[in-house]
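This report refers to the structure that appears directly beneath it.
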Amino acid sequence: EDRGSGWYTKVGRQYPISGVLGRFDGIVVRSSVDDSNKVGVVMGTPWTGPNETSARKFWGLLWDHHFEGSTLTAYMNTQTADNILERRAYGLEYRYWIEPLTFTSTIEYDSVYKAMNAISIHSKYDLGDGYYAHSYYDQRKYPVLYADRALMLGFNRRSEEHTSELQSLAYLVCRLLL
């Protein structure tokens, strides 16, 4: 990241951003338009596991508007599988992160299916003394990652030695079909 010029580039395995469904191998490039706005492009392939390959490819455009403690992102994301158009999503993502609450919500329309594709809400509340309350709701039509609906509620106490174990448990719970 070059704060002087306002450019940000990241290459490699990444966490989901701006309409990308799950972790991916690819590139994100963003540029600051002014103090509150950034535009960017993202492209790559979904990461499906250490021994699996994916014929899916995607690219997308994004616009971020930052204001105190939160960000509103508008995005367009196109995904193909075996060179067949699988998804063309237009969405809004809202992120709020003023402690003790962090909150993310996404709503997405898919022009391939001419319908709402995804609605998700994720939140975390700091209860103090290292304890957190979590909630997660995700409903989507396609492409289905692990379930068409997932709901997770939980409490945990964070410690460094248990972070990966808790992440694995959250991943397993999110695969639960309702």
Extreme residue, nearest to residue 21 (Cα to Cα), among residues of segment 86-112 that are at pLDDT below 90 and loosely packed, with under 14 Cβ neighbours inside 10 Å: 97
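Residue-wise test of (1) acidic (Asp, Glu); (2) at positive phi; (3) without any contact (Cβ under 8 Å) to a residue 40 or more places away in the chain.
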{"position": "6", "(1), (2), (3)": "no, yes, yes"}
{"position": "10", "(1), (2), (3)": "no, no, yes"}
{"position": "18", "(1), (2), (3)": "no, yes, no"}
{"position": "29", "(1), (2), (3)": "no, no, yes"}
{"position": "32", "(1), (2), (3)": "no, no, yes"}
{"position": "37", "(1), (2), (3)": "no, no, yes"}
{"position": "40", "(1), (2), (3)": "no, no, yes"}
{"position": "46", "(1), (2), (3)": "no, no, yes"}
{"position": "50", "(1), (2), (3)": "no, no, yes"}
Of all residues making up segment 9-39, the number that are touching a Leu at 6+ places or on another chain (Cβ under 9 Å), modelled with pLDDT of 90 or more and surrounded by fewer than 16 Cβ atoms within 10 Å (Cβ to Cβ): 1
Flag if residue 6 is of a type outside the set (A, V, I, L, M, F, W, C), surrounded by 12 or more Cβ atoms within 10 Å (Cβ to Cβ) and in contact with a Ser or Thr (Cβ under 7 Å, 6 or more places away or on another chain): yes
Pick from segment 57-77, criterion more than 13 Å from the chain's Cα centre (by Cα) and either assigned to a loop (DSSP other than H, G, I, E, B) or of a type in the set (Val, Ile, Thr) (or both), ranking: farthest from residue 18 (Cα to Cα): 68
Per-region count, segment 40-56, residues surrounded by fewer than 18 Cβ atoms within 10 Å (Cβ to Cβ) and assigned to a strand (DSSP E or B): 3
Residues of segment 11-39 that turn out to be part of a strand (DSSP E or B) and over 15 Å from the mean Cα position of the chain (by Cα), as a count: 9
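The values are calculated or read from the model by the stated rules, or taken from the named source; none is laboratory data. Given the structure is predicted, the values throughout are model-derived calculations rather than measurements. For neighbour counting, all protein chains shown are included, and Cβ atoms are generated from backbone atoms with ideal geometry for every residue, glycine included.
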